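Okay, structure first, notes after.
The values are calculated or read from the model by the stated rules, or taken from the named source; none is laboratory data. This structure is a prediction, so every number in the text was calculated from the model and none was measured. Cβ atoms come from the backbone with ideal geometry, glycine included; neighbour counts cover every protein chain shown. Heavy atoms of the whole protein, side chains included, go into the accessibility calculation; ligands, DNA and RNA do not. Shrake-Rupley method; radii C 1.70, N 1.55, O 1.52, S 1.80 Å.
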Amino acid sequence: MAVASGNAESAELTPGAGAGAPRGRTGRLSRARLAVPGPLATLLVIVVAVGLAWALLVPPWQSPDELNHFAYAQSLAERFALPGDPHRGIYSTDEVLGARAVGASTLSFWPKEVKPDWSVQDYRSYLAEARQDPSRSDGGGANPVAYEPPLFYLYSDLAYWATYPGNVFDRYYAMRIWGVSLLVLTVLGTWLLIGEAIGRRRLPQLAGSAVVGLLPMEAFISTSINPDALMIVLWTLAFWLGTRVVKYAARTGDVLALCAATAAAVLTQPTSYALVPASALALVLGWVRSERRERRARARALVLGALTVAIPVVAWHGFAASQGNPLVANVAAAPGVRPRPFNVRQFLSYVWQFYLPRLPFQSRQRATPGLPLYEVWLRGGWGKFGWLDVSMPSWVYLMTTVFTAAIAAASAWIIARFRDPLRLSLFAFYAVGMLALLFGLHLTEFRSFLDYQGTFLQGRYILPLIGLFGLAVALVVSRLPVRAVGAVCGALLAAMLLLQVIALGTIVGAYYT
Amino acid sequence: MSVRSSVIAFAVVAVLGLIGLGVAGTVPKQSTAFSLDVPPTAPIVKLSPSGYACQGPIDAAAGFGSIAADLSSTVNPSPTVAPGPPIRLQVSSPSGAVIASAEVPGGYRQEGTVNFVLDRSVAAGRRIDVCLRTSGPGTAGVWGAVPGPGLAYSHVGSLRPGNVPGNAAIALLFIHRHRRSLLASLPAAFGRAALFRPGWVGSWTFWVLTAALLATFAAGGIAVAQAVRSDVSADRGSA
């Protein structure tokens with residue numbers, strides 16, 4: 001089973017891929033490999049343009065929980081303190097003034113009946129009030145997102161501090177524009193993941209990365225003030241680094257980088273604990289694949305990697321506990337309500353009903369109309385904007401669903417033919433990452449039902465897997481007949497750009513007409 | 001696999017798609033003139049037979065030809081209740097002179113948005129009152145909201161008669177008389193989007209972003225050509 005790192009070429013998911021590309025036998029980075037390929041550079045320019053449009057077009061605080069996320073970031077930026085002080089308000093006067101001026105809270109729930117404030121006079125009144133320097137540091141109270149670790153907010157605060165003299169809209173939009181960097185990193189991570197898993201074939205890399213970078217929900221969330229934006233980047237990078245760990249038999253640099261990405265993901269969003277089993281599996285698979293004489297040294301790297309994850313995470317737990325902050329989202333029954341006990345059969349029935357039509361003997365587990373797989377993952381995953389109530393035309397979701405189903409079926413067909421251990425190892429690594437995330441999400445929603453709370457899942461919650469979706473697209477493209485690859489890739493890129501036009505047009509239509 | 005066929009495939013999809021979206025963008029649609037920005041959270045006024053509710057004075061921020069309001073046949077909507085009565089809406093000046101009016105037939109039950117198409121347009125800048133009256137038997141709930149304690153909606157005037165919770169207002173959406181396409185609405189839309197943004201943003205920013213978005217199609221073609229060339233040259237190198 002053990003394969004020396006020099007045999008890494010055989011790891012690629014497509015036979016013969018990567019031929020001719022400049023590559024060291026050990027996969028170490030060389031100057032030639034660090035040069036940005038032309039198609040990637042052009043794609044990143046496209047993604048930056050699209051990202052800027054999303055960052056500036058979406059009205060203030062019209063992304064899920066953005067008022068709370070901004071309040072968290074502001075508390076860190078102004079007071080160097082986590083939110084959660086019960087003696088303070090959640091929001092600063094500075095944020096309240098801006099949010100009230102534009103009608104942010106009302107607009108969040110009634111985007112069809114209410115519009116963002118279009119009054120020039122109101123805007124001038126706001127500017128006059130903002131010149132009185134409203135307090136920015138009187139927030140930091142009991143914030144519903146106080147359980148989130150601080151990494152994303154610190155990243156976002158770089159833009160806050162850079163525009164510190166401005167009013168709340170200067171700082172808020174600087175943070176959103178700064179989010180374009182996360183979109184770019186996600187595309188870059190996907191490109192690297194595909195290059196490592198399938199080989200350095202530019203058309204599959206372009207196709208897979210373009211689908212990721214131009215997926216409307218990904219652009220919307222990446223440019224929102226929301227820790228999901230950084231979590232998506234870190235999961236994508238972790239899938240790339242885990243691929244390297246497995247493929248090159250757990251080299252120290254790859255191991256430490258994977259563990260650092262995993263730790264950073266956990267310090268960004270508690271959902272990322274679901275990444276830990278996949279990362280651990282990659283480390284074990286990489287170690288098993290290493291040569292016997294190297295195993296002792298690689299085991300030391302694994303211990304070092306484990307410490308890279310454990311030390312910051314434990315330190316964060318200790319610090320959060322000392323502040324009295326919860327460590328996970330508060331999905332609990334309302335005071336005085338007795339939650340129902342957990343039942344495995346009911347849980348399995350709930351999962352069945354999420355993905356498949358309910359069978360006659362099953363009791364209803366989810367009270368929402370339609371098949372949740374379609375309504376939540378497919379519609380919500382491709383793009384539901386604002387506070388999830390601004391949708392693209394229905395025919396768009398039909399087309400994106402057909403596309404997703406075709407990619408899923410074709411990639412499953414290809415994967416079912418994998419026989420060599422390395423490909424199967426890589427597939428196991430990706431599958432564990434995907435299943436752990438889905439299991440955690442479904443368990444959380446099921447617990448929410450047991451506690452008589454509402455639905456929990458939203459399409460954006462599966463975006464950490466977007467790199468794998470890009471990889472699946474690339475895998476299918478790489479298996480097309482050679483004559484068709486270029487044309488299919490061209491048509492796909494054009495279709496994704498058109499989808500962006502539709503999505504941004506939807507935003508204009510919903511909020512500004 | 002050739003650069004030419006790949007770029008042609010890209011161009012065909014892009015051009016056909018853009019033409020399709022361009023045509024769709026010229027289809028006239030209902031467009032909002034302005035909103036009171038009051039959400040329809042609950043029925044805040046119960047209109048009994050011959051009862052009325054007036055909201056104003058309101059400064060018309062733009063000209064309009066219809067008004068959307070949320071009505072229900074009762075203050076406690078239920079499918080079992082009697083259908084709601086006809087409602088007459090009047091737009092009048094503060095002195096009471098009727099500027100425009102509309103009537104919707106009865107028959108509604110659950111809460112829903114009703115569009116009052118006025119017999120005349122109302123010009124921008126006019127100061128107006130909007131009054132709703134029942135013109136038949138039965139009661140109707142008119143939906144709106146009460147702002148939080150100590151707060152008030154701006155630019156909505158007041159709600160009369162005064163037997164409603166403090167600072168309550170009716171949810172009204174004012175709609176342009178003529179339907180407008182999305183493309184025709186872009187100048188106004190970008191002007192609106194430029195408010196409550198960083199100081200350096202103006203409507204020009206959104207025109208530049210629109211141009212950049214269109215330019216991404218050219219860049220997409222270039223990316224495909226670059227990728228094909230790279231893969232072809234890699235194949236030749238490995239052959």
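Structure data summary
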| quantity | calculated |
| --- | --- |
| Filtered residues of the range A:140-159 (kept if of a type in the set (Gly, Ala, Ser) and under 14 Å from A:Ile225 (Cβ atoms)) | A:Ser156, A:Ala159 |
| Residue among A:Ala219, A:Ala265, A:Ala207 that alone is hydrophobic (A, V, I, L, M, F, W, C), under 24 Å from A:Ala306 (Cα atoms) and in contact with a helix residue (DSSP H, G or I) (Cβ under 6 Å, 6 or more places away or on another chain) | A:Ala265 |
| Output for the range A:104-144, where each listed residue is more than 28 Å from the chain's Cα centre (by Cα), outside any helix (DSSP H, G or I) and within 7 Å of chain B (Cβ to nearest Cβ) | A:Glu113, A:Val114, A:Lys115, A:Asp117, A:Trp118, A:Ser119 |
| Residue count for the range B:213-226, restricted to those that are touching a helix residue (DSSP H, G or I) at 6+ places or on another chain (Cβ under 6 Å) and open to solvent by 30 Å² or more (accessible area, probe 1.4 Å) | 2 |
| Criterion violated by B:Val208 - all others in (1) hydrophobic (A, V, I, L, M, F, W, C); (2) within 9 Å of chain A (Cβ to nearest Cβ); (3) part of a helix (DSSP H, G or I) satisfied | (2) |
| Criterion: open to solvent by less than 10 Å² (accessible area, probe 1.4 Å), within 12 Å of chain B (Cβ to nearest Cβ) and either in a helix (DSSP H, G or I) or in contact with a His (Cβ under 9 Å, 6 or more places away or on another chain) (or both) - qualifying residue of A:Phe239, A:Phe169 | A:Phe169 |
| Single match in B:Arg192, B:Arg229 (criterion: charged (D, E, K, R), open to solvent by 20 Å² or more (accessible area, probe 1.4 Å) and facing chain A (nearest Cβ under 7 Å)) | B:Arg192 |
| Selected residue (criterion: nearest to the chain's Cα centre (by Cα)) from residues of the range A:477-490 that are assigned to a helix (DSSP H, G or I) and surrounded by fewer than 21 Cβ atoms within 10 Å (Cβ to Cβ) | A:Val488 |
| Residue in the range B:36-57 that is over 24 Å from A:Lys115 (Cα atoms) and either of a type in the set (Asp, Glu) or within 14 Å of chain A (Cβ to nearest Cβ) (or both) present | no |
| Tally of residues being open to solvent by less than 50 Å² (accessible area, probe 1.4 Å) and without any contact (Cβ under 8 Å) to a residue 12 or more places away in the chain across the range A:154-166 | 2 |
| Index of the failed condition, A:Asp451 passing every other in (1) modelled with pLDDT under 95; (2) under 23 Å from B:Ala227 (Cβ atoms); (3) away from chain B (no Cβ under 14 Å) | (2) |
| Check on B:Ala184, surrounded by 15 or more Cβ atoms within 10 Å (Cβ to Cβ) and at the interface with chain A (Cβ under 9 Å from one of its Cβ atoms) | no |
| Residue in the range B:144-165 that is closer than 30 Å to B:Gly112 by Cβ, more than 9 Å from chain A (Cβ to nearest Cβ) and in contact with a helix residue (DSSP H, G or I) (Cβ under 7 Å, 6 or more places away or on another chain) present | no |
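Results for (1) more than 15 Å from A:Asn226 (Cβ to Cβ); (2) surrounded by 23 or more Cβ atoms within 10 Å (Cβ to Cβ); (3) touching a residue at least 12 places away in the same chain (Cβ under 8 Å), shown as yes or no for each residue.
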site	(1), (2), (3)
A:Ser63	no, yes, yes
A:Asn68	no, no, yes
A:Tyr72	no, yes, yes
A:Ser75	yes, yes, yes
A:Glu78	yes, no, yes
A:Ala81	yes, no, yes
A:His87	yes, no, yes
A:Ile90	yes, no, yes
A:Ala101	yes, yes, yes
